[in-house]
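All of the numbers you see were taken from the coordinates with simple rules; none came from a lab. Predicted, not measured: the structure shown is a model, and the values here were computed from it. Here Cβ is always computed from backbone atoms with ideal geometry, including for glycine, and neighbour counts include all displayed protein chains.
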Amino acid sequence: MWRHRDLVGIEGLSADEITHVLGQAGSFFEGSRRQAAGPRPQSRNLSGKIVVNLFLEPSTRTRTSFELAAKRLGADVVNVGGPSSSAVKGETLLDTVKNLEAMHADIVVLRHPASGAAQFVADRVDASVVNAGDGAHEHPTQALLDAFTIRNHKGKLSGLVVAICGDILHSRVARSDALALGKLGAEVRLCGPRTLMPVAPESLGPTVRSCARIEEAVAGADVVMMLRIQTERLQGPMLASSREYSRTFGLGERVLALAKPDAIVMHPGPINRGVELDPRVADGPHSVVLEQVEAGVAVRMAVLALVAGSDPVAAPGSESLGAPS
Ligand code: NCD
């Protein structure tokens with residue numbers, strides 16, 4: 001079922017492969033919840049393997065959850081990045097990864113500001129590469145954990161209406177989510193200020209369309225996903241002001257009332273409270289933001305095990321994590 005050595009993007013995955021990852025993640029998720037109160041036995045899927053988290057852009061959730069996921073699978077984990085790495089001394093990305101490979105890294109989890117960085121490295125090294133976000137291109141594990149969270153709440157993805165609102169142009173989350181949710185049969189509505197919309201959002205899939213107003217995107221939606229303005233990727237002033245943005249494209253209780261009564265509200269984090277999301281909605285009964293974070297560990301366990309060539313369900317020790325026998 002899983003044939004990939006790397007996970008660079010959702011673009012290269014079929015609907016069946018996405019569903020397979022979600023199924024594997026489900027086993028880890030159940031096990032983690034059951035054992036949350038007690039000791040946490042490790043699975044040994046990645047025993048003896050070295051996972052390097054190479055993060056050359058800021059991250060809290062993604063880096064931490066990859067680290068926890070790899071440790072729970074029994075891997076040796078090393079974190080590289082930030083001002084302490086030699087990237088700031090002018091070393092090329094490929095040299096950095098080749099050096100990590102010389103220390104027998106099996107999996108490199110890469111976050112990088114350049115779109116295409118993960119594919120570039122994957123084409124040139126033997127280690128598995130997992131894309132943890134490359135510029136404005138893709139963030140596949142975020143899309144997988146979002147799909148997982150939606151399915152947990154709604155029982156399915158096919159036929160659901162998902163509104164994704166914010167800085168669509170610069171968001172790797174919007175791209176990966178639209179691709180994944182579209183492949184799984186959801187209708188995806190992309191919405192943002194004209195200056196922050198891609199030229200042809202419909203190219204992301206036959207069920208993807210754009211909406212000029214947030215009210216139109218949210219009307220009757222099952223899921224409303226809000227995104228941060230990617231200020232680090234804006235080229236010049238592309239917005240009048242954040243107050244104006246929040247008034248026209250922010251999600252508050254008035255706009256949320258247009259969605260289905262049981263709609264869920266999502267955000268990949270970090271939230272800019274009061275800009276794209278009213279704190280009352282972020283902390284309100286529709287919000288599943290922290291469930292997304294919880295799902296992130298299980299989804300990343302599944303992805304790491306799969307790229308390492310280990311079937312999480314069949315592997316010895318996986319029962320201890322709640323996988324079906
Ligand atoms: C996102 C990212 O880095 O692309 N965050 C995340 O990984 N959870 C979204 C963002 O930074 O706005």
Report task. Determine, for H137, H104, the number of other Cβ atoms within 10 Å of each Cβ, and report the residues in order from fewest to most. Result -> H104, H137
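Multiply the residue separation of D262 and R34 by 0.36 nm, subtract the distance between their alpha-carbon atoms, and state the gained length in nm to one decimal.
Between D262 and R34, full extension yields 79.4 nm more.
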Query raised in the report: Taking the C-alpha atoms of the chain, how large are the radius of gyration and the largest Cα-Cα span, Dmax, in Å?
Result: 19.3, 57
Report task. Could you line up I164, I18, I107 from fewest to most neighbouring Cβ atoms inside 10 Å? Result -> I18, I107, I164
Query - Among P285, P270, P83: highest mean-square fluctuation, GNM of the chain, C-alpha pairs under 10 Å - result: P83
Query raised in the report: So for the chain: antiparallel DSSP bridges make up what percent, rounded to the nearest 5?
Result: 5 percent
Query raised in the report: Along segment 23-30, what does the Karplus equation 6.51 cos²θ - 1.76 cosθ + 1.60 (θ = phi - 60°) give for ³J(HN,Hα), rounded to whole Hz, x for Gly and Pro?
Result: x, 4, 4, x, 5, 5, 5, 4
Report task. Per residue of segment 249-265, in order, report the coupling 6.51 cos²θ - 1.76 cosθ + 1.60 (Karplus, θ = phi - 60°) as ³J(HN,Hα) in whole Hz, putting x for Gly and Pro. Result -> 10, x, 9, x, 5, 4, 6, 4, 4, 7, 6, 4, x, 9, 5, 9, 10
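Normalised by the number of residues in the chain, what is the relative contact order in percent for Cα pairs under 8 Å and 6+ residues apart?
Answer for the chain is 23 percent.
Work out the FRET efficiency for E215 and S158 from their Cβ-Cβ distance, taking R0 = 22 Å, and round it to the nearest 0.05.
0.30
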Report summary line: Taking placed amide H atoms and a strict 5 Å upper bound, the residues 5 or more places from R111 or on another chain that come that close are L54, F55, L56, A132
Requested in this report: Mind listing the long-range amide H neighbours of C211? Cut-off is under 5 Å, sequence gap 5 or more, other chains count too, H placed in the peptide plane at 1.01 Å from N.
Outcome: L190, C191, G192
Query raised in the report: To the nearest Å, what is the center-to-center distance of segment 56-76 and segment 197-262, using C-alpha atoms only?
Result: 29 Å
**Report entry** Tally of Lys pairs whose C-alpha atoms are under 20 Å apart, taken over the chain, 8 or more apart or cross-chain
**Finding:** 7
Query raised in the report: Using θ = phi - 60° and the Karplus curve 6.51 cos²θ - 1.76 cosθ + 1.60, what whole-Hz ³J(HN,Hα) does each residue of segment 115-132 get, with Gly and Pro shown as x?
Result: 4, x, 4, 5, 5, 4, 6, 4, 6, 10, 10, 7, 4, 6, 10, 10, 6, 9
Query raised in the report: Pick from F148, F28, F120: which residue has the top mean-square fluctuation in a GNM of the chain where Cα pairs under 10 Å get a spring?
Result: F120
Report summary line: If each part is reduced to its alpha-carbon centroid, segment 8-30 and segment 93-165 end up apart, in Å, by 13 Å
Query raised in the report: Build a GNM of the chain with springs between Cα atoms under 10 Å: which of N99, N131, N53 gets the top mean-square fluctuation?
Result: N99
**Report entry** Residue-averaged 222 nm ellipticity for the chain, from DSSP H runs of 4+ at -39500 (n - 2.57), nearest 500
**Finding:** -10500 deg cm²/dmol
Report task. Do me a favour and compute the ellipsoid semi-axes for segment 140-291 from its Cα gyration tensor, root of five times each eigenvalue, largest one first, whole Å. Result -> 21, 18, 14
Requested in this report: Compute the acute angle (0 to 90°) between the alpha-carbon long axis of helix 172-183 and the principal axis of greatest extent of the alpha-carbon atoms of the chain; round to the nearest 10°.
Outcome: 90 degrees
